[in-house]
1. Picking from D43, D59, which residue would you name as being more than 20 Å from I16 (Cβ to Cβ), in contact with a helix residue (DSSP H, G or I) (Cβ under 7 Å, 6 or more places away or on another chain) and open to solvent by 30 Å² or more (accessible area, probe 1.4 Å)?
2. Find all pairs meeting these conditions: Cβ atoms under 9 angstrom apart; at least six residues apart or on different chains; first residue within region 1-26 and over 14 Å from G168 (Cα atoms); second residue of a type in the set (D, E) and open to solvent by less than 60 Å² (accessible area, probe 1.4 Å).
3. Being open to solvent by 20 Å² or more (accessible area, probe 1.4 Å), closer than 15 Å to D32 by Cβ and not basic (K, R) is the filter here; which residues of region 122-172 pass it?
4. What are the residues in region 128-169 that are under 16 Å from the mean Cα position of the chain (by Cα) and of a type in the set (S, T, Y), if any?
5. Quick one: what pairs do we get from region 155-172, first residue within 24 Å of N17 (Cα to Cα) and part of a helix (DSSP H, G or I), second open to solvent by 100 Å² or more (accessible area, probe 1.4 Å) and acidic (D, E), C-beta under 6 Å, 6+ apart or different chains?
Amino acid sequence: MEKYLPNMYQKDIFHINYDKLKEKGIKYLLFDLDNTLATIKEDKPSPKVKKLITNLKKDFTVILVSNSLKKRVSAFASSLDIPYFSFAMKPCGFVYRRIKRKFEFQPWQMAMIGDQLMSDIRFGNKHHLFTILVDRLANDEFKITSINRYRENKVLALYAKQNVFKKGKYYE
């Protein structure tokens, strides 16, 4: 079950200690899109997200990695001027290999930031990346995500019973 346990858990992307990530040698930040950077109803980044990503690009290579379709992801990424990988099918590994070919990195130099245990955190842990879970931005989600949320709730209940992880109890 450790495959779903994040290395860090924060309320949202604005509460992450990016200086600490930099100190750890992280050079690449992989961000999920839906309910991490924006709700599924938003087709462009908020000014607050735009400002954060602009600042992060001074110290990190910021990459958008989303299971959403290219049209949505490319428009969002282009407004942030960052590279992207759409229809990533996280947690499958093919997108990891594509990222590895495009950017020269070691897994310990990368952090995966997302709102789902089953896709984002599992993807990062599977490839030995530093994983950061954030609370989802909204309850509105794509249909397929509801299946993952059902499974996620089972894992969270088990983690809570084992006193390993509890939603709302943030840590670095």
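1. Values: D59 fails: more than 20 Å from I16 (Cβ to Cβ).
Step by step, each of D43, D59 is checked, and only D43 is more than 20 Å from I16 (Cβ to Cβ), in contact with a helix residue (DSSP H, G or I) (Cβ under 7 Å, 6 or more places away or on another chain) and open to solvent by 30 Å² or more (accessible area, probe 1.4 Å).
2. Correct list of pairs: Y4/E152.
3. Once the filter is applied, which keeps residues that are open to solvent by 20 Å² or more (accessible area, probe 1.4 Å), closer than 15 Å to D32 by Cβ and not basic (K, R), region 122-172 yields N125, H127, F130, D135, L137, A138, E141, F142, I144, N148.
4. The initial filter retains those residues of region 128-169 that are under 16 Å from the mean Cα position of the chain (by Cα), namely 128-138, 141, 145, 148-149, 152.
Scanning region 128-169 gives T131, T145.
5. Hits for this filter: zero, empty list.
The values are calculated or read from the model by the stated rules, or taken from the named source; none is laboratory data. Here the structure is a predicted model, which means the values were calculated and not measured. Neighbour counts are summed over all protein chains in view; Cβ atoms, including those assigned to glycine, are modelled from backbone coordinates with ideal geometry. Keep in mind that these areas ignore ligands, DNA and RNA; they rest on the heavy atoms of the full protein, side chains included. Shrake-Rupley method; radii C 1.70, N 1.55, O 1.52, S 1.80 Å.
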